[in-house]
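The values are calculated or read from the model by the stated rules, or taken from the named source; none is laboratory data. Just so it is clear, the structure is predicted and the values come from calculations on it, not from any experiment. Every residue, glycine as well, gets a Cβ built from its backbone with ideal geometry; the counts of neighbours run over all protein chains shown.
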Amino acid sequence: MLEQVSPWPSGCQGAVSLTFDDGSASQLELAIPLLNELGLQGTFYLNPRDGFEGNLAPWKDAAAAGHEAGNHTVSHPCAANNVAAAVVQRRGECGARRRRTLEEMTLDEMEADIVEASRRIRSLVPEQRAISFAYPCYQSFVGRGASRQSYVPLVARHCIAGRGVGEKPIANDPGHCDLAYVWGWRCERMRGAELVGLAESAVADGRWAVLVFHGINEGHLPIGERDLTELCKYLARQRGRVWTAPVARVAEQLLAWRERAQPA
């Protein structure tokens, strides 16, 4: 029954979500002006740490333009391997405080972090109806070994969707993907033609592509401004068949579609 009714609005054949992690300066300076110029909206996953009212104030204008302010936790906890690698990368710094790892956390602590991040984001952009989540370092567990547990159910409880990582070129099937752990594709250092190809392959299959970016022309996971521009111009030209929308908006669309399409 689900396959007989299109999930996508306005005659579109598939969907693309542009997602950006960690709230870097280049996203405000380069990505948002580009998206605004082309009439596209994306999801920007933020870490509302202490002092967030001032640090995240510029994102209020982004939200007013239709972009989603997403939940990336307050503390951005990752696995011990990730944290150890980060310490090695900055070993020349003195007195750097080690981040707490996922292996050291409990489900209660993770839930408190997720809930507090959403509370802070809602205080910043109260007009935003729904908030999606991005798993820091794409990891969805706490604990170690026999005590290791998934925190995907917590994301399902508190956020409309959660973005993880998946296998290219398999995009999200609108009728079967788990909205609490939507597959995203890491796009750092990819060329514009590759990005367009990924989006086009997903749309050709009637699926939802979620593309993951960090810094533009900066950072250790960069995308080139020229390559991002090539992708966005393609999406703007194809807006009649490709629905480009934030993660929370696509999740809302799919939930409503699934409910309508289910047999009575």
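Looking only at the stretch 1-42, how many residues end up being aliphatic (A, V, I, L, M) and under 13 Å from the mean Cα position of the chain (by Cα)?
The total comes to 2.
Please work out which residue is nearest to residue 247 (Cα to Cα), limiting yourself to the stretch 116-133 and to residues that are outside any loop (DSSP other than H, G, I, E, B) and out of contact with any strand residue (DSSP E or B) (no Cβ under 6 Å at 6 or more places or on another chain).
Looking at residues that are outside any loop (DSSP other than H, G, I, E, B) and out of contact with any strand residue (DSSP E or B) (no Cβ under 6 Å at 6 or more places or on another chain), I get 122.
From the set of residues in the stretch 166-196 that are in a loop (DSSP other than H, G, I, E, B), without any contact (Cβ under 8 Å) to a residue 40 or more places away in the chain and in contact with a Pro (Cβ under 8 Å, 6 or more places away or on another chain), which is surrounded by the most Cβ atoms within 10 Å (Cβ to Cβ)?
Going through the qualifying residues, I end up with 188.
Out of the residues in the stretch 205-219 that are over 21 Å from residue 46 (Cα atoms) and under 18 Å from the mean Cα position of the chain (by Cα), which is surrounded by the fewest Cβ atoms within 10 Å (Cβ to Cβ)?
Of everything passing the filter in the stretch 205-219, 207 is surrounded by the fewest Cβ atoms within 10 Å (Cβ to Cβ).
Here is a check on your reading of the model: is residue 24 closer than 20 Å to residue 163 by Cα, modelled with pLDDT of 95 or more, polar (S, T, N, Q) and buried (at least 18 other Cβ atoms within 10 Å of the Cβ)?
yes
Do we find that residue 88 is β-branched (Val, Ile, Thr), at pLDDT below 95 and in contact with a strand residue (DSSP E or B) (Cβ under 7 Å, 6 or more places away or on another chain) in this structure?
When the stated conditions are applied, residue 88 does not pass them.
Of these, 120, 163, 157, 144, which one is closer than 20 Å to residue 72 by Cβ and surrounded by fewer than 17 Cβ atoms within 10 Å (Cβ to Cβ)?
On inspection, the qualifying residue turns out to be 157.
Give me the residue from the stretch 220-264 that is at pLDDT below 95 and assigned to a loop (DSSP other than H, G, I, E, B) and, out of that set, nearest to residue 40 (Cα to Cα).
The selected residue is 220.
Looking at this structure, is residue 73 surrounded by 14 or more Cβ atoms within 10 Å (Cβ to Cβ), under 24 Å from residue 227 (Cβ atoms) and polar (S, T, N, Q)?
No.
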